[in-house]
1. Are there any pairs, at least 6 apart or on different chains, whose C-beta atoms fall under 8 Å, with the first in segment 37-52 and closer than 15 Å to Leu292 by Cβ and among the polar types (S, T, N, Q) and the second surrounded by fewer than 16 Cβ atoms within 10 Å (Cβ to Cβ) and modelled with pLDDT of 90 or more, and if so, which?
2. Which of the helices (runs of 4 or more DSSP H) contained wholly in segment 102-152 include at least 1 residues that are crowded, with 22+ Cβ neighbours inside 10 Å, on the phi < 0 side of the Ramachandran plot and of a type in the set (Asp, Glu)?
3. Only residues that are part of a helix (DSSP H, G or I), among the β-branched types (Val, Ile, Thr) and under 18 Å from Ala247 (Cα atoms): list them for segment 49-100, please.
4. So in segment 70-80, with the set limited to residues that are in contact with a helix residue (DSSP H, G or I) (Cβ under 6 Å, 6 or more places away or on another chain) and of a type outside the set (D, E, K, R), which one is nearest to Tyr124 (Cα to Cα)?
5. I need the full set of residues from segment 148-178 which are of a type outside the set (A, V, I, L, M, F, W, C) and in contact with a Leu (Cβ under 7 Å, 6 or more places away or on another chain), in order please.
6. Within segment 253-288, which residues are part of a helix (DSSP H, G or I), surrounded by fewer than 19 Cβ atoms within 10 Å (Cβ to Cβ) and charged (D, E, K, R)?
7. Which of (1) of a type outside the set (Phe, Trp, Tyr); (2) surrounded by fewer than 17 Cβ atoms within 10 Å (Cβ to Cβ); (3) modelled with pLDDT of 95 or more is the odd one out, the single condition Ala59 does not satisfy?
8. Out of Ile294, Ile323, report the one residue that is in a helix (DSSP H, G or I), out of contact with any strand residue (DSSP E or B) (no Cβ under 6 Å at 6 or more places or on another chain), closer than 18 Å to Ala145 by Cβ and in contact (Cβ under 8 Å) with a residue 60 or more places away in the chain.
Amino acid sequence: MLRCAVRLAPSSCGLRRILLPRPAARYHLETPSMDADIHNPMKGILLKVLSVLVFVCMATCIKAAGSDIATGQITFYRSAFAMVPILGFLACRGQLRDAFRTNNVAGHVARGFVGILSMSCGFYGLVHLPLPEAIAIGYAMPLLAVAFAALFLGEIVRLYRWSAVIIGLVGVLIITWPRVTLFDEGGLGSSEASGAVAVLLSATLGAVAMVLVRRLVQTERTHTIVLYFSLSAAVFSLATLPFGWSAMSWTSFLLLMLAGFCGGVAQILLTESYRHADMSTIAPFEYTSIVLGIVIGYFLFGDVPTAAMLLGTAIVVGAGIFIIFREHRLGLERKGARKHVTPQG
């Protein structure tokens, strides 16, 4: 995987202890081993696309539920009902008991807290922005994760990927600029402007959560991380009960329940997709969500993509795909280098 390059100053002690690895640790995003399953890239791609479709359905349900529901209330239902398919799936595979075993409660709590903040900001932005715009701004998360991995994990990020990150963030700026300028016209109360800022903040916090997951996968199982995140997210969001929760219509309740169920199913499909194909093979299919977002946004919510949104999205997607294939190439080079190393001693 990527080697260390940038270290935090010794004074940044608290966050550094959580995020920085021990010297011998090597970091990677944990994916289920393909050794136990037949390597089937087409099946992996299909599962990935299905996970994207279900995630977009989740976002659609949340947006359709309405903007008059408190964000914490939305987050609670999304997290609580996601546990239903997750627990059922783990029980069917005989992994339920092991999933609750952990030696890093603090790590799960930190990941859950940051993750719930990211989710809440994202949901707030989702109900105030056109669906495809919210999806496109969210693409900033993997770009920022590259930068944070260099800063907090000490991974090497060289010129090509730094350039892609910067170009991709320029694309995000192109998407958000027409919305952010509404602050000047409508003040801080402009819902579209605050929604754009919220989604961008969600992407930033989501990138921090990705870094925390990179730390967790060294000692924790994938299903343990997924389960504890849903559990901690439900608990943290329940704490917002005194702050604006209100009675909902049956329609809104069913939509939020379906959103949570979809979130859990999508997570299962995503995890399963990595059993059949390499990450570099299926990761680019994440960007199919923008196509789905545009179609659903147009037919269900009357959202018409703007020229700025389409241009910015093209730039962000291009930068993201470049980073994916660049990491894949570096991985192949490292594998080749290891094969030619002469054993010593």
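1. So the pair list comes out empty.
2. On the way: elements: 105-128, 131-138, 140-152.
Result: 131-138.
3. Looking only at segment 49-100, we keep the residues that are part of a helix (DSSP H, G or I), and these are 49-65, 71-92, 96-99.
From what is left, the residues that are among the β-branched types (Val, Ile, Thr) are 49, 52, 54, 56, 60, 62, 71, 74-75, 84, 86.
Within segment 49-100, Ile62, Thr71, Ile74, Thr75 meet the criteria.
4. Applying the first criterion (in contact with a helix residue (DSSP H, G or I) (Cβ under 6 Å, 6 or more places away or on another chain)) to segment 70-80 yields 71-72, 74-80.
After this cut, where a residue has to be of a type outside the set (D, E, K, R) as well, the list is 71-72, 74-77, 79-80.
On the way: Thr71: 6, Gly72: 9, Ile74: 9, Thr75: 10, Phe76: 13, Tyr77: 14, Ser79: 15, Ala80: 18 Å.
If we take residues in segment 70-80 being in contact with a helix residue (DSSP H, G or I) (Cβ under 6 Å, 6 or more places away or on another chain) and of a type outside the set (D, E, K, R), then Thr71 is nearest to Tyr124 (Cα to Cα).
5. Initially, segment 148-178 is screened for residues of a type outside the set (A, V, I, L, M, F, W, C), giving 154-155, 158, 160-161, 163, 168, 171, 176, 178.
Residues satisfying the conditions are Gly154, Glu155, Gly168, Thr176.
6. Glu272
7. (2)
8. Details: Ile294 fails: closer than 18 Å to Ala145 by Cβ.
Among Ile294, Ile323, only Ile323 is in a helix (DSSP H, G or I), out of contact with any strand residue (DSSP E or B) (no Cβ under 6 Å at 6 or more places or on another chain), closer than 18 Å to Ala145 by Cβ and in contact (Cβ under 8 Å) with a residue 60 or more places away in the chain.
The values are calculated or read from the model by the stated rules, or taken from the named source; none is laboratory data. Not measured: the values here are computed from a predicted model. Note that each Cβ is placed from the backbone with ideal geometry, even for glycine, and that neighbours are counted across all protein chains shown.
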